[in-house]
1. Quick check: anything in the stretch 219-233 of a type in the set (Val, Ile, Thr), assigned to a helix (DSSP H, G or I) and more than 21 Å from Thr19 (Cα to Cα)?
2. In the stretch 323-339, what count of residues is obtained for those that are modelled with pLDDT of 85 or more and surrounded by fewer than 18 Cβ atoms within 10 Å (Cβ to Cβ)?
3. Among the residues of the stretch 95-129, count how many are under 16 Å from Phe287 (Cβ atoms) and either in a loop (DSSP other than H, G, I, E, B) or of a type in the set (A, V, I, L, M, F, W, C) (or both).
4. Mind listing just one residue for me: the one in the stretch 171-183 that is surrounded by fewer than 24 Cβ atoms within 10 Å (Cβ to Cβ) and not aliphatic (A, V, I, L, M) and, of those, nearest to Phe12 (Cα to Cα)?
5. Here are Gly184, Gly207, Gly225, Gly176: which of them is within 28 Å of Pro108 (Cβ to Cβ), out of contact with any Leu (no Cβ under 6 Å at 6 or more places or on another chain) and of a type outside the set (A, V, I, L, M, F, W, C)?
6. What's the number of the only condition in (1) small (Gly, Ala, Ser); (2) touching a residue at least 24 places away in the same chain (Cβ under 8 Å); (3) exposed (fewer than 15 other Cβ atoms within 10 Å of the Cβ) that Ala280 fails to meet?
7. Test Ile103 against the stated conditions and say whether it is farther than 27 Å from Val312 by Cβ, in contact (Cβ under 8 Å) with a residue 60 or more places away in the chain and β-branched (Val, Ile, Thr).
8. What pairs can you find where one residue is in the stretch 13-27 and closer than 16 Å to Ile49 by Cβ, the other is basic (Lys, Arg) and at pLDDT 95 or above, and their Cβ atoms are less than 9 Å apart, with a gap of 6+ or different chains?
Amino acid sequence: MATLVLVFLTSFIVVLYSTPALIKVAVLKRLIDVPTEDRKIHKRSVPTIGGIIIYAGTLFAFALWYSIDDMLYYDKIFQSVKEFKLIVACSLILFFVGVKDDIIGTAPVKKLFAHIVVALILVLMGDIRITSLHGVFGVYDIPNWGSVFLSIFTYVVVVNAFNLIDGIDGLAAGVGFIICCTFGTWFIVANEFPYAALSFALAGALGGFLIFNFSPAKIFMGDSGSLVIGMFISVLSFKLIEFPIQNLDGVWVQVSKPVFVISALIYPLLDTLRVFILRAIKGQSPFTADRTHIHHMLLDCGYSHVKTVIVVYIFTVLTIAASFFSFYFKEATLSLITVLMCSLSFLFTVIHIRNKHQKKLLPK
């Protein structure tokens, strides 16, 4: 436990004390986002390369305190080191793709290609994948081909979901912080300390960054941050879902792991699914930038940036709490339906408030 506190504090302090210098460099080198498009909601130029320090702080803290001393078996040590190497290698790919996009832009097709390459490395070389739904919709073991396809698809969706919610001050960083703390706590209970360390390393980096990214933001994370965060959270999600249930005890045995993960990721997943459906109906590319996200709808309700992100934070925490209904239901599918119903209720409430607010603005 003491090591995990050190991991969190290390990444937090690195980001906290390094970000002001990064902001100065970004301004001097004109690495800023100028609000020239109507869809952009900020009114001033803001540095966009915050992901550099998030990635550096996370990797530094995790590597500094990464330990295999508590692993008793050689095969577990070998697998842990192998996974660590592949995670670092894949994160470097996405980091440089994100930096390039932040500075000069990258075509969506090229970014998608990078996602698929990273997913193939993680799934085929690292064997970091989903092999079972653990009773959700009555499905347990998945055929190997289905496991590979589902894992690659899930990875691409999760990474792009985090990229898409990085639209207002403090949203992606705050939601990521909540998810990482939630997953880190779960891995502590499961005695899986290497992945608890990764969770809290990223949580500490996001916590430090959030001080500068909360409204009014002094710096944005950009794709260099959102892509790497999405990749780390995808890996943590896969490892949590695949963790052997016999190594758990107490209430955690009865909580459905897939439902727990989905509930933590529900906001980015719900927002991405809704946006992609709307764009498909309009005949647009799913990667077309617009102002149809849920957080934009909350802003249209008259909410400030601060109030909007706090609403999303509370929604995320409540859906995570709702996943524990599986302890009482003893049924994964019913628990998932409960989480989805709560999410849809939230979405319809936001739509209703937005429409009601817009009617008030119409001339009488």
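1. Keep residues of the stretch 219-233 that are of a type in the set (Val, Ile, Thr), which gives 219, 228-229, 233.
When the remaining residues are screened for being assigned to a helix (DSSP H, G or I), the result is 228-229, 233.
Next, from what is left, pick out any that are more than 21 Å from Thr19 (Cα to Cα): 233.
Checked the stretch 219-233: at least one residue is of a type in the set (Val, Ile, Thr), assigned to a helix (DSSP H, G or I) and more than 21 Å from Thr19 (Cα to Cα).
2. Total meeting the criteria: 1.
3. Residues meeting the conditions: 9.
4. Phe177
5. Gly225
6. All conditions are met except number (2).
7. yes
8. none
The values are calculated or read from the model by the stated rules, or taken from the named source; none is laboratory data. Only a predicted model underlies this, so the values are computations on that prediction, with no experimental measurement involved. Don't worry about glycine lacking a Cβ; one is built from the backbone with ideal geometry, like all the others, and counts go over all protein chains shown.
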